[in-house]
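The values are calculated or read from the model by the stated rules, or taken from the named source; none is laboratory data. Please read these numbers as outputs of a predicted model, since none were measured by experiment. When we count neighbours, we look across all protein chains shown, and the Cβ atoms used for this are built from the backbone with ideal geometry, even at glycine.
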Amino acid sequence: MHRITTGRAAPIPPRWAVAAGVGAALAAAWWLGDKAPYPYAQRGLLDVPLPFLTADRMDAVLQPRPGERILEIGPGTGLQSLHVAPQLGPAGRLDVLDIQQEMLDQVMCRAERDGLATIRPTRSDARELPYADETFDAVYAVTALGEIPEPDRVLREAVRVLAPGGRLVIGEFFDRHWIPFGRLHRLADAAGLHLTERRGPSPAYLARFRPCTADAPGHQSERLAHSDRDTNGGKA
Ligand SMILES: C[S@@+](CC[C@H](N)C(=O)[O-])C[C@H]1O[C@@H](n2cnc3c(N)ncnc32)[C@H](O)[C@@H]1O
């Protein structure tokens, strides 16, 4: 039996429109879903300073001090590493951890060129940090957290390796791996981190957190930890 239809048949979209739609869907899937590490072949772009994530702002939020031991997650070619490490002085140490050996090699090459002997590279996945509990005075990751699958795990690992009173700085920029500030704040809350400073709008920000355990009795506050360290003349 034939069904009788009275309406007009829907127009068939032209082939180019179908192709454009499929292309847009694929591009969106890539933009939103791709979690591959930043390609080493495009490393030249990593040296371009990003608006709002300037060296001055980084210093103001991270507040690196002589004698501190700090961990950088996802250093890329070392834009931040080469700026932070000298501020830790000869008694301090910057550990850089990246999943790509080429990136670490590049950082170390540049460190040697600059006469910096206090940077230690480790190739590993930031979701399982190969360091003991309470190792670092500070941990930071700039435009790296959003690139790593399971950023919640990375935050929990950062909390684990931070010494009491330690600080975590996250920098994010509006690219395809960007974590909007609101999302980071929720992830940080869930990981037991408390926001202490934020600079820049959500598309390009630096935010500092400290583990909530720093408020618990028996733990030093961030300020106290620093003043102790100053009077102790630095900590290796
Ligand atoms: C966009 S680059 C950022 C580089 C640098 N922080 C900067 O601002 O120039 C992200 C870095 O995170 C690293 N990365 C990606 N996934 C990682 C993972 N699971 N564990 C550790 N590092 C990772 C990449 O290899 C890359 O060096």
Residue list for the range 39-74, restricted to those being part of a loop (DSSP other than H, G, I, E, B), surrounded by 14 or more Cβ atoms within 10 Å (Cβ to Cβ) and not polar (S, T, N, Q)
L50, F52, L53, P64, R65, P66, G67, E68, G74
Exactly one condition in (1) charged (D, E, K, R); (2) surrounded by 14 or more Cβ atoms within 10 Å (Cβ to Cβ); (3) modelled with pLDDT of 95 or more is not met by R186; state its number.
(2)
So which strands (runs of 3 or more DSSP E) stay within the range 75-189 end to end and still have 3 or more residues that are over 24 Å from P49 (Cα atoms) and away from the ligand (no atom under 11 Å from the Cβ)?
162-173
